[in-house]
1. Report yes if residue 147 is outside any loop (DSSP other than H, G, I, E, B) and either surrounded by fewer than 12 Cβ atoms within 10 Å (Cβ to Cβ) or touching a strand residue (DSSP E or B) at 6+ places or on another chain (Cβ under 9 Å) (or both), otherwise no.
2. Starting from residues that are touching a strand residue (DSSP E or B) at 6+ places or on another chain (Cβ under 9 Å) and open to solvent by less than 70 Å² (accessible area, probe 1.4 Å), keep the ones in the range 121-144 and report whichever is farthest from residue 77 (Cα to Cα).
3. Inspect the range 34-44 for any residue being over 10 Å from the mean Cα position of the chain (by Cα), part of a helix (DSSP H, G or I) and either buried (at least 17 other Cβ atoms within 10 Å of the Cβ) or among the aromatic types (Phe, Trp, Tyr) (or both) and give the result as yes or no.
4. Looking at (1) within 23 Å of residue 120 (Cβ to Cβ); (2) in a loop (DSSP other than H, G, I, E, B), which is the one condition that is false for residue 72?
5. For the range 68-76, check the following and say yes or no: at least one residue is open to solvent by less than 20 Å² (accessible area, probe 1.4 Å) and closer than 28 Å to residue 13 by Cα.
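The values are calculated or read from the model by the stated rules, or taken from the named source; none is laboratory data. This one's a predicted model, so the numbers in the text were calculated from it and none came from an experiment. As a convention, Cβ positions derive from the backbone with ideal geometry for all residues, glycine included, and neighbour counts pool all protein chains shown. Side chains included, ligands, DNA and RNA excluded: accessible areas come from the protein's heavy atoms. Shrake-Rupley method; radii C 1.70, N 1.55, O 1.52, S 1.80 Å.
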Amino acid sequence: AVTAAEHPVDLGITVETSWNPLIRKLTTMPQPVIARVNGVAAGAGANIALACDIVIAGRSAKFIQSFSGIGLIPDSGGTWVLPRLVGHARAMGLALTGEPVSAEQAEAGGMIWKSVEDEQLDAEVDALAAKLASLPPLGLAAIKEMIRATWSHTLDEELDRQRDAMRRLGVTEDNREGVGGFLRKRTA
């Protein structure tokens, strides 16, 4: 009988054809992406959730970087997103030990936006989705793009990018309607 060890799978192909396109799509599509996490998000599942723009988890949820125990690295953007969310020291600890992080710990440590009671998870995510759907889409897309790209810019470059975005967005119908609604104390 032939064993898997004699014919190993090329995990690089799996990552390149399955996980990387998904992470790239989640992070570059203009619309904000909400991750709703209940239960255990381990390995690629944790990193796919963390690649989303806003993560809301039920209190029973856990995030686990389960790679070190099987001799791998945090894929699906994990080595990139973890240090940006929780800092170098915590990212190293999570990746090297594989210790689970509760939803409450993830919220307190800045890994996710919010943890809520399990029975409130659906309502919380639905309310957030409705709120985002009611906001001007061009501004939301610009916020997402600006924040995601900021790590590769100096402060001076970012200030110039902000100027350019404000110039571009300030003449849109989204902005006119939003300002009009604000001044009239009504929903845009």
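1. The answer is yes for residue 147.
2. For the range 121-144, the residue satisfying everything is 123.
3. yes
4. (1)
5. Among the residues of the range 68-76, at least one is open to solvent by less than 20 Å² (accessible area, probe 1.4 Å) and closer than 28 Å to residue 13 by Cα, which makes the answer yes.
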